Structures are given as C-alpha cells and as structure tokens.
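FYI, it's all coordinate maths here, none of it is from the lab. Fair warning: this is a prediction, and the values are worked out from it, not measured in the lab. Here the Cβ positions follow ideal geometry from the backbone for every residue, glycine too, while neighbour counts run over all protein chains shown.
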Amino acid sequence: MWRRVPGLVVRGHGVASGRKNDPRFPGGTLRMQLPHFRARGLDLSAYYRGTINVCIAPHRYVVRRPRCTFRHVRWHPTEPAEDFSFFDTRLETADGRRYPGLIYYPHPETKPEHVQPPDVLEVLTVFIPGLRYGDPVHLETDPAQLDIVIREAPG
C-alpha cells in the first residue's frame, strides 16, 4: 500500500543538474555520481540528470528501509565520501500523469553542503515537459521504505 501526499515543486540548489555551473561539479553532481551507483548495482541512466525537489510541508518523512543504500561513495576527487539511499516513488502531476521514479537521498550526516530542508524530497524520474516551480504534485511512497508523517496544516 502506497502512501500519497500532496506537495509543491520547489527550487533546489542547482548542483545535481549542473544548472548552478559550480566548477567543482562539471555537468552536475548526478552526472558524476551515476557511474558509482551503477558500479554498485543501481543504473539511473533512464532518469533525467537532475532532481525534482518536492516540498511536502507541513508533512515530514521518516526513513525506514531504503530500496538500496550505498555507504562511503567517493564520487569526487576532492569532496568527502557520502552515503546515499534510494526509495521507490511515484510522482503525479496536476493533470493526472504519473511517473515512477526514485527518491534520491544523500544522507545529511555525510553531506558537506547543499542539505535539503526536512520537508523537501528529491525525486529522480524522466524529464517532465512543462513542470515548473510552484506546480502542485502528489508523491506516493512505500511506507515500509520511506513513511510520510501526515500533519494537519495550521489554521
């Protein structure tokens, strides 16, 4: 049984996709990380080389049992190694289109910078034409992997 939660597409740091043009990460961090994930058994080549950042406020998430976790991934020659987990998800746009994907979760305790707020999830999926910041979406997660704690909005 999947858990469904509403969210909004929000602007991220721009480093996963390379939009920030940080010279440390030519082409983006995902482009640099993909070979390391593939070598560990997770092929992300079908997904767009950027994340869709989805704010699920006022809700929060709880990490349970990821689909997969990779420890001490040394994906950059000078940056420290990081831990990453991935969770199955489905993203639904306002017009009802559904896209399977993965939640990309660099562990905050090993991530040196660009940490996400506790109500933002990073989604890997195919490129979605027309999707914009501020667009409403729904995320579905497997609560055995990543549970959503539903909170009522104040007011």
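Each Lys or Arg adds one and each Asp or Glu takes one away; over the other residues whose Cβ falls under 15 Å from the Cβ of Asp147, this sums to +3. To the nearest 0.05, how large is the calculated FRET efficiency for Phe127 and Arg40 if R₀ is 30 Å and r is the Cβ-Cβ distance? Efficiency, rounded to the nearest 0.05: 0.80. In the chain, helical runs assigned H by DSSP with n ≥ 4 each contribute -39500 (n - 2.57); averaged across all residues and rounded to the nearest 500, the mean residue ellipticity at 222 nm is -2000 deg cm²/dmol. Our summary gives the chain a relative contact order of 34 percent, counting only alpha carbon pairs under 8 angstrom and 6 or more residues apart.
Going from the fewest other Cβ atoms within 10 Å to the most, the residues Met32, Met1 appear in the order Met1, Met32.
Dividing the Cα radius of gyration of the range 3-149 by its Kirkwood radius returns 0.93 for Rg/Rh. Look at the dipole of the range 3-149 built from charges on Cβ: of Cys55, Leu34, Ile148, the Cα furthest out on the positive end belongs to Leu34.
Computed about the Cα centre, the dipole magnitude for the chain is approximately 280 debye when only Lys and Arg (+1) and Asp and Glu (-1) carry charge, each at its Cβ. Rounded to the nearest 10 degrees, what's the angle between the helix 29-39 long axis and the longest principal axis of the chain, both from Cα atoms, 0 to 90? Helix 29-39 sits roughly 80 degrees off the main axis of the chain.
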